[in-house]
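Data first, discussion second: the structure below is written as structure tokens.
Here, each number is a calculation from the coordinates, and none is a lab measurement. What you are looking at is a predicted structure, and each value in this text was computed from that prediction instead of being measured. Because the Cβ atoms are built from the backbone with ideal geometry, glycine has one as well, and the counts that use them run over all protein chains shown.
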Amino acid sequence: MKRTHDCGQLTKADLGATVVLAGWVDSIRDQGGIIFIDLRDRKGITQVKLEPNSNADAGARAAQLKAESVVSVTGQVTLRPVGTANPSLATGEIEVDATGLEIHNISETPPFPLDDAEGDRVNEDLRLTYRYLDLRRPRMRRNLEIRHRTTKVVRDYFDAQGFIDVETPILFKSTPEGAREYLVPSRLHPGEFYALSQSPQQFKQILMVAGVERYIQIARCFRDEDLRADRQMEFTQIDVEVSFIDREGIYALFEGMLAKIWKEILGVNLPTPFPRLAFREAMNRYGVDKPDTRFGLELADLTELFRPSSFKLFASTAASGGAVKALNAKGLADITQGEMTGLEEAAKSLGAKGLAFIKVESGEWKSPIVKFFTEAEKAALTQQLGIADGDIIFFAAAPWEKACAILGRIRLECAALLQKRGKLAIPANQWNFLWVVDFPLMTYDEEAKRFLATHHPFTAPVPEDIPLLDSDPHRVRGQHYDLVLNGMELGGGSIRIHQPALQEKVFKDVLKIPAELVESRFGYLLRAFKFGAPPHGGIAFGLDRLVALLCGTTSIRDVIAFPKTQKAQDLMAQSPTPVTAKQLRDLHIAVVGPPPA
Ligand code: ASP
């Protein structure tokens with residue numbers, strides 16, 4: 001039974017036609033002996049009517065059908081009786097009067113309802129176990145379609161700009177200075193391992209040496225990190241590298257791509273160019289390198305005000321080179337004790353000892369620290385922070401980056417509390433894109449107790465800062481850029497180092513990677529750069545997150561057909577699993593951990 005139409009297609013124009021439809025039984029009901037089936041396929045729903053009187057055999061077989069069974073139906077398109085049309089369906093004026101019914105598969109009762117509203121309330125583990133049913137839900141199917149259309153727009157955009165799509169290996173070599181990697185044992189080389197590619201970074205740079213000039217790949221990347229709503233162990237990047245380009249060129253290229261996606265997927269015209277913000281300013285004003293600029297609540301810097309203060313805590317922070325920052329959460333003086341505890345915990349999780357505050361109610365400053373302030377300091381605070389009745393002001397005194405980070409987090413929490421009270425409105429369709437630029441080339445890593453590349457070690461320094469590499473390396477800015485949307489980092493990249501001597505210097509002198517390691521890990525790249533490496537730069541964009549935004553969901557699992565759970569498991573296929581002793585022997589692997597429970 002070959003179908004003649006899809007289930008979203010038939011209208012009054014088809015009246016009288018003999019048609020064949022195929023699909024899933026969305027619902028089935030018996031009304032006084034007449035059986036009605038809502039037949040569904042990807043395109044829509046058509047009502048099928050079976051009259052057992054005139055078609056006894058089909059009627060008897062239809063009686064065994066359950067929802068989600070798969071059938072084909074032959075019949076005539078007829079007008080629904082007056083008063084029974086369904087205006088919410090494209091096919092709502094007609095029905096198909098069935099003359100034949102073929103049953104392909106009788107479904108068991110699905111373990112959860114497949115409509116959107118009820119399906120959304122179901123436990124996600126159950127949805128992931130029966131993902132093939134979950135993906136039948138209109139919302140999930142729409143997400144898959146938006147993902148498909150987005151990648152098509154991306155490919156067409158770059159194709160039109162002369163880019164070549166090149167696949168790079170997934171089995172790469174271990175580069176332990178990045179994120180934690182997945183290792184793949186080599187059967188042919190006992191005791192040796194491949195690593196799954198964390199990103200095609202080194203290959204795309206090598207492709208520039210190879211003369212490809214404009215590279216694009218929609219690339220799968222693998223990182224063994226703890227999973228969150230916006231992080232999966234394997235994820236997809238729009239990965240790009242270009243020769244003979246500067247930062248401005250990259251900005252324009254990606255603004256063009258995003259404008260095209262927003263136009264074609266959402267019908268929205270994005271204004272370009274996007275604003276830019278230097279890393280230092282982003283930290284100073286928003287306390288984070290991916291600021292959500294859809295609302296104000298900006299941080300103020302009070303270091304100079306309190307440098308001469310008799311309030312020791314603030315004065316000594318200023319004296320030791322730290323910063324005193326404050327945030328006026330306007331209108332949040334009615335904060336509850338529970339909410340306050342939540343804020344204190346958030347601050348403490350970032351290393352704060354507590355969270356100093358001033359609450360202003362009925363003209364009175366209520367605060368354990370206000371007794372330490374002089375009248376002049378209070379006047380300066382009022383003026384600088386625009387303090388009014390109903391406000392609450394939070395303080396952080398710590399090394400600059402930490403003070404910013406603490407209040408940056410408090411800012412976001414306060415915005416959520418103000419939204420809850422209806423005192424702050426963020427329109428759902430506001431898209432605040434922003435380039436964050438002028439990052440430091442290196443950042444001190446508390447855990448590793450040394451400086452690490454802020455982006456990655458291939459990022460070129462800002463040319464005028466190169467002389468500082470020897471004298472004051474921590475002041476060197478990198479030619480690195482991040483694209484931020486509404487407080488989320490969508491992508492990042494950099495102009496790269498293309499001269500082997502400078503790259504070697506960054507590895508050895510600045511990042512202090514021992515010479516033997518530089519040779520074993522990056523020797524091939526340094527060698528490649530000795531054979532005519534063009535100046536180049538690139539960027540990578542998280543496709544999953546981008547599509548999640550376009551679909552209006554916060555979880556990237558909703559836009560990945562077969563995601564892993566937070567515990568890194570595939571509940572449908574049930575992986576990971578133990579393997580046989582022979583497989584392990586062949587791979588020269590001995591498992592020493594505890595046996596599975
Ligand atoms: N490879 C980098 C990343 O995955 C992006 C880039 O520099 O192009 O974050």
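How much net charge surrounds Tyr524 when only other residues with a Cβ under 15 Å from its Cβ are counted (Lys, Arg +1; Asp, Glu -1)?
So the environment of Tyr524 carries a net charge of +2.
Mind listing which chymotrypsin sites (Phe, Trp or Tyr not before Pro) in segment 233-315 are in a DSSP loop and have 14 or fewer other Cβ atoms within 10 Å?
Values: sites: Phe235, Phe244, Tyr251, Phe254, Trp262, Phe279, Tyr286, Phe295, Phe306, Phe311, Phe314; in loops: Phe244, Phe295, Phe311.
Sparse-neighbourhood loop chymotrypsin sites (Phe, Trp or Tyr not before Pro): Phe244.
Can you tell me the 0 to 90 degree angle between the C-alpha axis of helix 375-385 and the longest principal axis of the chain, rounded to 10?
40 degrees
Tell me, what HN-Hα J-couplings in whole Hz come from the Karplus equation 6.51 cos²θ - 1.76 cosθ + 1.60 at θ = phi - 60° for each residue of segment 243-253, using x for Gly and Pro?
So the J values, rounded to whole Hz, are 8, 6, 9, 10, 4, 4, x, 5, 4, 5, 4.
Counting other Cβ atoms within 10 Å, keep those with at most 15, restrict to DSSP loop, and tell me which trypsin sites (Lys or Arg not before Pro) in segment 467-524 are left.
Working: sites: Arg475, Arg477, Arg496, Lys505, Lys508, Lys512, Arg521; in loops: Lys512.
For trypsin sites (Lys or Arg not before Pro) across segment 467-524 that sit outside H, G, I, E and B with at most 15 neighbouring Cβ atoms in 10 Å, the list reads Lys512.
Determine the distance separating the Cα centre of segment 435-470 from the Cα centre of segment 531-565; give it in Å without decimals.
Distance between centres, Cα-based: 24 Å.
For segment 133-272, what does the alpha-carbon gyration tensor say about shape, rounded, prolate or oblate, given a ≥ b ≥ c as the root eigenvalues, a/c under 1.5 as rounded, and a/b over b/c as prolate? Can you show the working numbers first?
Working: a/c = 2.29, a/b = 1.26, b/c = 1.81.
Oblate, because a/c is 1.5 or more while a/b does not exceed b/c.
Calculate one ³J(HN,Hα) per residue across segment 481-491 by plugging θ = phi - 60° into the Karplus curve 6.51 cos²θ - 1.76 cosθ + 1.60, and present them in order as whole Hz with x for glycine and proline.
Those phi angles translate into 9, 10, 9, 10, 10, 6, x, 10, 7, 8, x Hz.
Name the long-range amide H neighbours of Met442: under 5 Å, sequence gap of 5 or more, or other chain; modelled H, no Pro or chain starts.
Distant-sequence amide H within range of Met442: Thr454.
Using a Cα-Cα cut-off of under 13 Å, which aspartates and glutamates could be cross-linked to Lys420, ignoring same-chain neighbours fewer than 8 residues away?
List returned: Asp334, Glu339.
Rounded if a/c is under 1.5, else prolate if a/b beats b/c, else oblate: with a ≥ b ≥ c from the C-alpha gyration tensor eigenvalues square-rooted, which is segment 25-130? Please list the in-between numbers first.
On the way: a/c = 2.35, a/b = 1.48, b/c = 1.58.
Note, shape of segment 25-130 comes out oblate.
For Ser174, enumerate residues with amide H under 5 Å from its amide H, sequence gap 5+ or separate chain, H modeled in the peptide plane.
The list, which skips near neighbours in sequence, is Ala195.
What ³J(HN,Hα) values, in whole Hz, does the Karplus curve 6.51 cos²θ - 1.76 cosθ + 1.60 give for segment 62-72 when θ = phi - 60°, with x put for Gly and Pro?
4, 4, 8, 6, 10, 3, 6, 6, 10, 9, 10
Relative to the longest principal Cα axis of the chain, at what angle does helix 337-349 sit, 0 to 90 degrees, rounded to 10?
Roughly 70 degrees, rounded to the nearest 10.
Between His588 and Ala428, how many nm apart are label points set 7 Å from Cα along the C-beta direction?
5.7 nm
Starting from segment 82-127, pick out the GluC sites (Glu not before Pro) whose DSSP state is loop and whose Cβ has at most 13 other Cβ atoms within 10 Å. All intermediate terms of the calculation are to be shown ahead of the outcome.
Numbers: sites: Glu93, Glu95, Glu102, Glu108, Glu118, Glu124; in loops: Glu93, Glu108.
Of the GluC sites (Glu not before Pro), the ones in loops of segment 82-127 whose Cβ has at most 13 other Cβ atoms within 10 Å are Glu108.
Round to a whole angstrom and tell me the spacing of the C-alpha centers of segment 478-530 and segment 167-193.
20 Å
Given axes a ≥ b ≥ c from the Cα gyration tensor, I'd like to know whether segment 372-422 is rounded (a/c under 1.5), prolate (a/b larger than b/c) or oblate. All intermediate terms of the calculation are to be shown ahead of the outcome.
Values: a/c = 3.09, a/b = 1.20, b/c = 2.58.
Oblate, because a/c is 1.5 or more while a/b does not exceed b/c.
For the chain, what is the relative contact order in percent, using Cα pairs closer than 8 Å and at least 6 residues apart in sequence? Intermediate results must be reported in sequence, preceding the final value.
On the way: 1101 pairs, mean separation 78.2, N = 597.
Reported as a whole number, the value is 13 percent.
Go through Lys330/Lys449; Lys260/Lys530; Lys512/Lys564; Lys348/Lys449; Lys353/Lys505 and tell me which ones have a Cα-Cα distance over 32 Å in this structure.
Details: Lys330/Lys449 39 Å; Lys260/Lys530 38 Å; Lys512/Lys564 37 Å; Lys348/Lys449 21 Å; Lys353/Lys505 40 Å.
The answer is Lys330/Lys449; Lys260/Lys530; Lys512/Lys564; Lys353/Lys505.
Using helices alone, what [θ] at 222 nm do you get for the chain, with -39,500 (n - 2.57) per DSSP H run of 4 or more residues, divided over all residues and rounded to the nearest 500?
On the way: 18 runs with 173 residues, N = 597.
Here the helix-only value at 222 nm equals -8500 deg cm²/dmol.
For segment 213-266, report the translational diffusion coefficient in µm²/s to the nearest whole number, using Stokes-Einstein at 25 °C, 0.890 mPa s, and a Kirkwood Rh over Cα pairs.
Working: Rh = 13.4 Å.
Once the numbers are plugged in, D ends up at 183 µm²/s.
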